[in-house]
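The structure appears below as structure tokens.
The values are calculated or read from the model by the stated rules, or taken from the named source; none is laboratory data. What you see is a predicted model, and the numbers here were worked out from it, not measured in a lab. A quick note on method: Cβ atoms are made from the backbone with ideal geometry, for glycine too, and the neighbour counts reach across all protein chains shown.
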Amino acid sequence: MRALVCDGPERVALREVATPEPGPGEVLVRVAAALTCATDFKLLRRGHPKIPFPLTLGHEFAGRIERAGAGSPFDVGDRVTSAVSGPCGNCEACRAGRENLCAHARFTGYHVPGGYAEFTVADERFCFPLPDGFDDAAAAPLLCAGLIGWRALAAAGDAQRLGLYGFGAAAHIVAQVARHQGRRVFAFTKPGDAAGQAFARELGAEWAGGSDAPPPEELDAAIIFAPVGALLPAALRAVARGGAVVCAGIHMSEIPAMPYSILWGERVVRSVANLTRRDGEEFLRIAPDAGVRTAVERFPLSSANEALARLRAGTLRGAAVLVPEPEAA
């Protein structure tokens, strides 16, 4: 099969490699579309001492079951989307139902080869049947961008006035869910990003502006998707007393020093980490009901660097997905 193989920071190429064999509790998936994510970009640019190079990135993908073992809940040909983690199932966090905090989890596209390939092996516990109404490319963002947004929205509580900082793959999905729930959405983009602000308004935001501008009224909660530490003080200044600021990224730049006065008033700052199977089940139930439609730009597998560069530059409308060349033609 063909796979995009990363030999180390800044070293990636499309190569012929052996098709992987699924083990117990795993399925072989023929990848139809794989989401690009800022985490992939950071791994590609900076590497990590624990990454077992060579590696194929891509922690969220959609496709069809090619092979399943005895007792698998899936049949050959089933359409699935796969989430990002495989927790150990035995540690204290897993036993307490907090598998997203498992310190021994093995992550697709990080510890094991991911979806930037024609085939990949996935943990069947974290594969979910695709809901009707989503084609493969449209489904690719659901269990990374969509689920992070869903978990962050839950962490924001019942906030009615919701601010979203960074209007990309995750925010454009969660905005639709929030509006379905009757919340009011305020979108913050890079200053001067008129196209991004127009996109946010198309998806139901009642106000959209630059992240350097205050919202027209106080917020009950804010979710920060952009990996920019300087947005945390800005979001705290925007939320009312008792409000929450949820940091939804895995990575964030340094948070600058800030006065205690903007945290005071029982404001809360928290992060979200990874995903649980319950998150997947809940979100894939509500997404069709909420009429979620993902905006995606398709790139052939060999153009991953272009897709990631567009992601870094913030010039995507929604999410970028990689598809094997025969599918892209």
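Checking the stated criteria, GLU297 turns out to be among the acidic types (Asp, Glu), closer than 29 Å to ALA83 by Cα and surrounded by fewer than 18 Cβ atoms within 10 Å (Cβ to Cβ). On the given criteria, is TYR116 of a type in the set (Phe, Trp, Tyr), under 18 Å from VAL323 (Cβ atoms) and under 18 Å from the mean Cα position of the chain (by Cα)? The answer is yes for TYR116.
The set of residues from the range 77-101 being surrounded by 15 or more Cβ atoms within 10 Å (Cβ to Cβ) and without any contact (Cβ under 8 Å) to a residue 40 or more places away in the chain comprises PRO87, CYS91, ALA93, CYS94. Residue count for the range 143-168 satisfying the condition of being closer than 13 Å to GLN197 by Cβ, part of a loop (DSSP other than H, G, I, E, B) and of a type outside the set (Gly, Ala, Ser): 1. Of the residues making up the range 210-229, none is in contact with a Cys (Cβ under 9 Å, 6 or more places away or on another chain), in a helix (DSSP H, G or I) and touching a residue at least 60 places away in the same chain (Cβ under 8 Å).
Which one is modelled with the lowest pLDDT among residues in the range 69-83 that are of a type outside the set (A, V, I, L, M, F, W, C) and assigned to a strand (DSSP E or B)? Only one residue tops the list, namely SER82. Condition check: surrounded by 15 or more Cβ atoms within 10 Å (Cβ to Cβ) and in a loop (DSSP other than H, G, I, E, B). Does GLY243 satisfy that? No, not satisfied. The single residue among ARG46, ARG11, ARG15, ARG2 that is modelled with pLDDT under 85 and more than 23 Å from the chain's Cα centre (by Cα) turns out to be ARG11. Applying the set (1) among the hydrophobic types (A, V, I, L, M, F, W, C); (2) closer than 20 Å to ILE224 by Cβ; (3) not assigned by TED's automatic domain parsing to the domain that holds ALA154 to ILE250 leaves exactly one unmet item: (3).
Could you tell me whether the range 274-295 includes any residue that is assigned to a helix (DSSP H, G or I), over 29 Å from ASP132 (Cβ atoms), among the small types (Gly, Ala, Ser) and out of contact with any Pro (no Cβ under 8 Å at 6 or more places or on another chain)? Looking through the range 274-295, none of the residues is assigned to a helix (DSSP H, G or I), over 29 Å from ASP132 (Cβ atoms), among the small types (Gly, Ala, Ser) and out of contact with any Pro (no Cβ under 8 Å at 6 or more places or on another chain). Just one of the numbered conditions (1) in the same structural domain as ALA244 (by TED's automatic domain parsing); (2) closer than 20 Å to LEU55 by Cα is not true of ALA155: (2).
Quick grid of which residues meet (1) touching a His at 6+ places or on another chain (Cβ under 9 Å); (2) part of a strand (DSSP E or B); (3) not assigned by TED's automatic domain parsing to the domain that holds ALA240; (4) not β-branched (Val, Ile, Thr):
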| position | (1), (2), (3), (4) |
| --- | --- |
| GLY97 | no, no, yes, yes |
| GLY115 | yes, no, yes, yes |
| VAL121 | no, yes, yes, no |
| PHE128 | no, yes, yes, yes |
| PHE134 | no, no, yes, yes |
| ALA170 | no, no, no, yes |
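Per this entry, PHE61 is not counted among residues that are out of contact with any Phe, Trp or Tyr (no Cβ under 9 Å at 6 or more places or on another chain) and either at pLDDT 95 or above or within 19 Å of ALA34 (Cα to Cα) (or both). On the given criteria, is PHE107 closer than 30 Å to GLU297 by Cα, part of a strand (DSSP E or B), in contact with a Ser or Thr (Cβ under 9 Å, 6 or more places away or on another chain) and of a type in the set (A, V, I, L, M, F, W, C)? So PHE107 fits the description; yes. Within the range 70-100, the residues that satisfy the criterion of being out of contact with any strand residue (DSSP E or B) (no Cβ under 6 Å at 6 or more places or on another chain) and of a type in the set (D, E, K, R) are ASP75, GLU92, ARG95, ARG98, GLU99.
For (1) small (Gly, Ala, Ser); (2) within 27 Å of LEU143 (Cα to Cα); (3) out of contact with any helix residue (DSSP H, G or I) (no Cβ under 6 Å at 6 or more places or on another chain), each residue gets a yes or a no:
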position: GLY196; (1), (2), (3): yes, yes, yes
position: ALA234; (1), (2), (3): yes, no, yes
position: ARG237; (1), (2), (3): no, no, no
position: TYR260; (1), (2), (3): no, no, yes
